[in-house]
Amino acid sequence: MVDDEASIRRILETRLSMIGYEVVTAADGEEAIATFHESDPDLVVLDVMMPKLDGYGVCQELRKESDIPIIMLTALGDVADRITGLELGADDYVVKPFSPKELEARIRSVLRRVDKNGMPGIPSSGVLQIATIRIDTNKRQVYKGDERIRLTGMEFSLLELLVSRSGEPFSRSEILQEVWGYTPERHVDTRVVDVHISRLRAKLEEDPSNPELILTARGTGYLFQRILEPGEEP
């Protein structure tokens with residue numbers, strides 16, 4: 001839990017500890033990175049505006065070495081500023097002021113989704129091969145040829161959802177509900193989906209500007225190209 005305001009750290013540490021989480025805190029970006037290496041946490045709650053190194057900088061540093069779930073806390077009013085954290089690799093964000101219950105719900109949702117295994121539409125082997133892309137849903141790993149592609153937990157969950165119903169479009173709201181566990185209260189929330197789709201395309205597509213795997217369903221949302229069954233004609 002990283003925030004430069006002692007009162008917020010104290011309140012959230014108390015609340016989260018009461019519901020069973022072991023919480024470690026940091027007051028600035030540099031301390032956050034040091035504490036991350038010392039404690040090996042399961043999830044990071046990260047404030048944006050902090051001294052020494054801001055939340056964006058911390059997020060970038062963590063993403064160089066880890067796929068750990070990251071939830072950003074932001075008091076910034078500009079939608080573009082909120083989206084910046086997502087583009088740098090955060091999994092979700094909560095806007096200040098917020099209720100502790102809202103943050104608790106987001107934490108539960110992200111951890112549940114990252115730990116979730118098995119989904120209808122996935123072969124019993126758990127392995128899908130689409131052209132040069134191999135998706136192993138048991139190990140939650142993706143390969144492009146022989147190279148492993150690093151995905152965050154939420155990126156993998158989004159990909160897994162799309163391939164589970166390949167060829168069928170998902171609306172942004174449906175994706176938010178299935179992957180992030182909440183229904184968008186504001187139109188801006190759907191940008192969480194758009195940014196994660198862009199991140200997936202950048203990692204998986206040969207030409208992200210002309211995607212062939214993760215397609216846009218005009219007026220609806222997104223879909224994964226239809227995966228043919230063995231022996232099925234295109």
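For Arg15, the accessible area of its heavy atoms, probed at 1.4 Å with every protein chain present, is near 80 square angstrom. With 32 Å as the limit on Cα-Cα distance, the pairs of Lys64/Lys96; Lys52/Lys96; Lys52/Lys139 that go past it are Lys52/Lys139. In the chain, one over the average inverse separation of all distinct C-alpha pairs is 18.6 Å, which is the Kirkwood hydrodynamic radius. Cα-based values for the stretch 6-115, radius of gyration first and Dmax second, are 12.9, 34 Å.
Accessible area per residue for the stretch 127-224, computed on protein heavy atoms with a 1.4 Å probe, is 46 Å². Computed in the context of the full set of protein chains, the accessible area of the stretch 6-115 at 1.4 Å probe radius has 51% of its extent on carbon or sulfur. Work out, in µm²/s and without decimals, the Stokes-Einstein translational diffusion coefficient of the stretch 127-224 at 20 °C, 1.002 mPa s, Rh from Kirkwood over C-alpha pairs. It diffuses with D of about 157 µm²/s by this estimate.
Using the 1.4 Å probe convention, the accessible area of the stretch 1-63 works out to 53 Å² per residue with neighbouring protein chains retained.
In the assembled protein chains, Glu168 presents an accessible area of approximately 90 Å² (probe radius 1.4 Å).
Amide H contacts for Ile149 (H built 1.01 Å from N in the peptide plane; partners 5 or more residues away or on another chain; cut-off under 5 Å): Val142, Tyr143, Lys144. In straight-distance terms, cross-link reach from Lys203 covers every one of the aspartates and glutamates whose alpha-carbon lies under 12 Å from its own, apart from those fewer than eight places away in the same chain; here that gives Glu147, Glu155.
Ignoring everything except DSSP H segments at least 4 long, calculate the 222 nm mean residue ellipticity for the chain; use -39,500 (n - 2.57) per segment, divide by total residues, nearest 500.
Values: 8 runs with 88 residues, N = 234.
That comes out to -11500 deg cm²/dmol.
Scoring 91-99, 214-222 by mean Cβ neighbours within 10 Å over their residues and listing the highest first yields 91-99, 214-222.
The values are calculated or read from the model by the stated rules, or taken from the named source; none is laboratory data. Predicted model only: the values in this text are computed from it and were never measured. Counting neighbours? That spans all protein chains shown, and the Cβs are built from the backbone with ideal geometry, glycine included. With ligands, DNA and RNA removed, areas are computed over all heavy atoms of the protein, side chains included. Shrake-Rupley method; radii C 1.70, N 1.55, O 1.52, S 1.80 Å.
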